Structures are given as structure tokens and as C-alpha cells.
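Step one of this worksheet: look at the structure below.
The values are calculated or read from the model by the stated rules, or taken from the named source; none is laboratory data. These figures come from a predicted structure and were not determined experimentally. No Cβ is skipped: glycine too gets one built from the backbone with ideal geometry, and neighbour counts run over all protein chains shown. Ligands, DNA and RNA are excluded from the accessible area calculation, which covers all protein heavy atoms including side chains. Shrake-Rupley method; radii C 1.70, N 1.55, O 1.52, S 1.80 Å.
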Amino acid sequence: MQDSPDSSHGFRVGQRVHSSGDSRRIGTVKYVGPVEGYSGTWVGVDWDNGEGKHDGSINGVRYFHAKSERSGSLVRAPNLSQGISLLEALEKRYRSKSTSDEEADEMYVLSTSNNRVSIQLVGKDKIQDKLSRFEELTNASLAYMGVSFPGIPYQINTTVPNMKELDLTGNLLSDWKDVGKICGQLPALQALNLSNNLMSPYKSELPPLESISILVLNNTGVDWEQVELFRQSLTAIAELHLIGNNISRVLPMSSSFVQGFNSLRLLNLDDNCIAEWDEVMKLSQLRCLEQLYLNKNCLNSILYPDNGQQNELEATSYKPFQNLHCLLLGDNNIGDLVSIDSLNLFPNLVETRLSENPIADSTSGGVPRFVLIARLAKIKVFNGSEVTPRERKDSEIRYVRLVISRLHANAEEIKQHPRFSELKSLYGIEDERPSTGASGPQTIGSGFLSITLKCVGASMGEKKPLIKKLPATATVGKLKFLCESFFKLKSLKLKLFLQEEGSPLPVLLDNDTSSLMDLGIGNESIILVDEES
């Protein structure tokens, strides 16, 4: 517990507060009253960052329930701040000379003798002067300034009449009525960021917010039931961000599908708890939706409905996700190729992310980038990088070779490769695997590959790259043995990487028994020769 003179400042349970000395240390009041063995009134706080001293109980007496074993504290009132008004924060941020002086003191570089040399921004005074004229202010960032209420009614509009973008990240707002009052006073407001304000659930609709086009509600505790209450208020909403709100279900108000939001182009549901694809499908009738972010959820599969599965969709000519061109699915639990192939059915999908899914982890049974690109016919941006025409061609050719090598062992495998026949015909690729006849091995010319070998190991010294003709049946283990000879590296244990165009990192060739053809390695490929650490 933190000790200081007793003072009663009217704290209430559920109120958001921050530490008097640190506006970023925010918590929720869980208890106000006496503490056994101590004089005066204490305030029990459950800190957002989890850095407290106990779980709400002291010496066997429970005063409140904290969210974790050490996120709670009992604090004297003067050590807490109940926050300031929006107008006070504007004054403090843009007109306070002391704040400007503090910022100026922090602006320096270190000389060669390690002494501070102050720097001065050219035009800083003019910028500060412009920002201090509130009638001209169009963008304001009041992040972590302890804003807890709007201020005197009607003064907000007369003070900042042209405000278009307002960042209120990490403040003490919790009541939607206060948000409504702020927005109601800013008719030009287009973008509002309320991230890291723990908003209390509300039962009624917000006041009309016709001008808001971008609303950021990350880590606010807002669930989909509350989102539905925005529908009539946010008539112009184009971007809605809901990161980190523990959303597991999408709950439409009056239909099997989310309705309204007729201007919504981007919906960000990253870092939530959505596990069933059926929940995602409830968003499929948002007709203007172009970008859907579902990174860091719990999805196991993707399914685009065929004509026999559309049910309610059959009543409309609108295809599911008709205008979706970006679907980000990184860091989920997707592990099957059927889900990957389903992405081809989205009418206009050209960008996706699948990194940190089991299917994209080639070291643990997943498949490498080139296979995913080859299976995704229309994707132009994959895992954040452009799929160039060269990379697509190389990936598709390499993929066909990989499938050919596997068909010799299991002809039924062709059923698992919907694009194989199309791509094999497109590139005119014949079976390249050497065959064995009565007179012994019959090697065809196309069974050899031209491979560039590059040494990259730190202790290998500078060695010129070598171009070698190798049989497509050569194994990774055999290639390591050959590299020892080619580069005179007998004393080193080697590891090989395939360098693919467009891939951010080389791919480790870690199975010594796999052949170049088994790995889909094609002509003019580049293999990096490194050493085991």
C-alpha cells in the first residue's frame, strides 16, 4: 500500500483513474473505504498493466477482486488522478508553455565527446503558433492525457469548430454518453480513436454521428452486441477497428447476416477469439466491405459457400464477400489445403496473409510459399509482399514439378491438386522424372537442372558462385556432399537454403532424403550454402 495523508476526493467504484505521477498507469476503482489496521479512506485499484501488489485482499481480508493475483493495489486518494476535461487537455497539449519547454529540453544529439547538443526545429515557433490557434486546429492527439469528461457543454464546438481527427487513446473515458457529447459538439469530426479506454456496456443507441467515417475501438471491451448499436448512428462509417476485444461471436441483430453499415470498407477484427468460420460468414453481406482483418484469432478453416450451401444467400443475387479484395488470416490455426483452395472462390480477392498458420510452416508439416502462391490463382499480394509475375511463374512451374514427383508414388494424389492439370498444360511441362526400363535407367535431358550455388557462411571466405548441372533426382544430402567438394569445405557441417524471388527469407532444405524434384526446385534456382552454427 502507498501511504500519504488521508483525503476524500469522491472516488466511486467503476471509475477510471490514473496514477498521479504517471498518466499511462491506468486502472479501475474497485473499492472505496476503510482498510483494517489503517486510518482513513483507501481506494482499491485494479491496474490495467497488471502491475499491482495483490489480488484485492490484505492480511486475509478481501476488499475487492482484482483480475489477477498481483494487479490490485490499495492507494491513498491524493496518489490518484480522476482526470481532466477534453478542453483542459487541449490547453495543456497545445498552449502550455511548460510542456513546450519540456519537449525542447528533450531535443538534443550527442557530440563526439558524448555531450548533449541542443537542436532547434526550423519553423517550430510558427508550427506551435498555428497549433495554439484552436479555430484552425483540424487534428488533435490527446493520447494518455487523462481525459475523463467532455467539459463545459457547448464550449467544445466554439473552441475547436474545425476538428476532423481526434485521438483519445489511453484516456479515462468509460461512459458512451460522454463520447456522444464530444462528437455532438464536433460536427466536422471524421476520425475518432478511443483505443485503450475501457468503455462500459451501453443499452441505447448513440446520438447520430453522421460525419464519423473512421472509428477505432481497440482494447475497449466492445463486443459485437454493442457494435450493432452503432448501426443507426454511424451512417457514414468506412473503417471500424476492433482489435483486442475478446470477440468470439458475431451477433447480428435481426438476421442471420450483419446488415447495414452500407459504407463500411474496412473491418479490423485482429487479436480476438473468433474460432468458427460460420461467424465470419455472418459478415459476408456487407456489400462495400473491401478489407477484412482476422489476424490472431482461433480459426481452423476457411469455407466459401457453394450454390448448395448458400441458404439465405440464395434469396439474393449478391455473392458472399462480393467486393472483398483483402483478407488477412495470419496467426490462426489453419492447417489444411482445402481451406487454401477455398480462397480462389472469393470473387475479387487479390491479397491475403497466411503466415504463422500451421499450413504455412513448412518446418512442421506445412507447405512453402511457392506451393501456396501456385494454389492461389488470383493473389497479387501474399504475406505482405507483392507476388511478381516472375515469382508466380516460377512458383507454378516448381509446384507442377513437385506434384509430378509425388504422382509416381501415389497417382490418387492428383485429386488434391485442383490447379495441377491447368498449370501443367499452361507451361507445357512433361514428366521430368527419369524412368527405369528393361535396359536400365533412361535419363531424359530435362532431368537435369542448372543450379547456382552461393557460399554465405561466415567462415567460408569469399568464394565465387558456381553454376552446376545436377540431376533432378539428386537429394539434399547428396548436394551437401557435392558442395563440400565444389568449395573445399570438408571440415564444415553444411546446411542449404533455397533463395526464392519474392520470399522475405530463404527456405531451409532440412530433409536430406528429399530430391530436388521432390522439393519442386526448378531450373536456374539459387541455393545458399551455409554452415551449422
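Here are some notes:
- In this structure, Ile379 qualifies as part of a loop (DSSP other than H, G, I, E, B) and either open to solvent by less than 50 Å² (accessible area, probe 1.4 Å) or within 21 Å of Asn511 (Cβ to Cβ) (or both).
- Test: residue in the stretch 524-532 that is at negative phi, open to solvent by less than 10 Å² (accessible area, probe 1.4 Å) and not in a loop (DSSP other than H, G, I, E, B): yes
- Whichever residue in the stretch 148-191 is over 21 Å from Ser213 (Cα atoms) and of a type in the set (A, V, I, L, M) and, among such residues, is modelled with the lowest pLDDT: Ile152
- Candidate set: the stretch 190-212, residues that are open to solvent by less than 30 Å² (accessible area, probe 1.4 Å) and within 26 Å of the chain's Cα centre (by Cα); chosen: the one farthest from Asn262 (Cα to Cα): Asn197
- Qualifying residue in the stretch 205-218 (condition: over 28 Å from Leu294 (Cα atoms) and either assigned to a helix (DSSP H, G or I) or modelled with pLDDT under 90 (or both)): yes
- Residue satisfying all of: in the stretch 472-485; open to solvent by less than 50 Å² (accessible area, probe 1.4 Å) and not β-branched (Val, Ile, Thr); nearest to Ser450 (Cα to Cα) among these: Ala472
- Residue under evaluation Leu489, criteria (1) open to solvent by 40 Å² or more (accessible area, probe 1.4 Å); (2) in a loop (DSSP other than H, G, I, E, B); (3) over 19 Å from Tyr399 (Cα atoms), criterion not met: (1)
- Taking the listed residues His65, His9, the one that is part of a loop (DSSP other than H, G, I, E, B), at pLDDT 95 or above and open to solvent by 20 Å² or more (accessible area, probe 1.4 Å) is His65, with no other qualifying.
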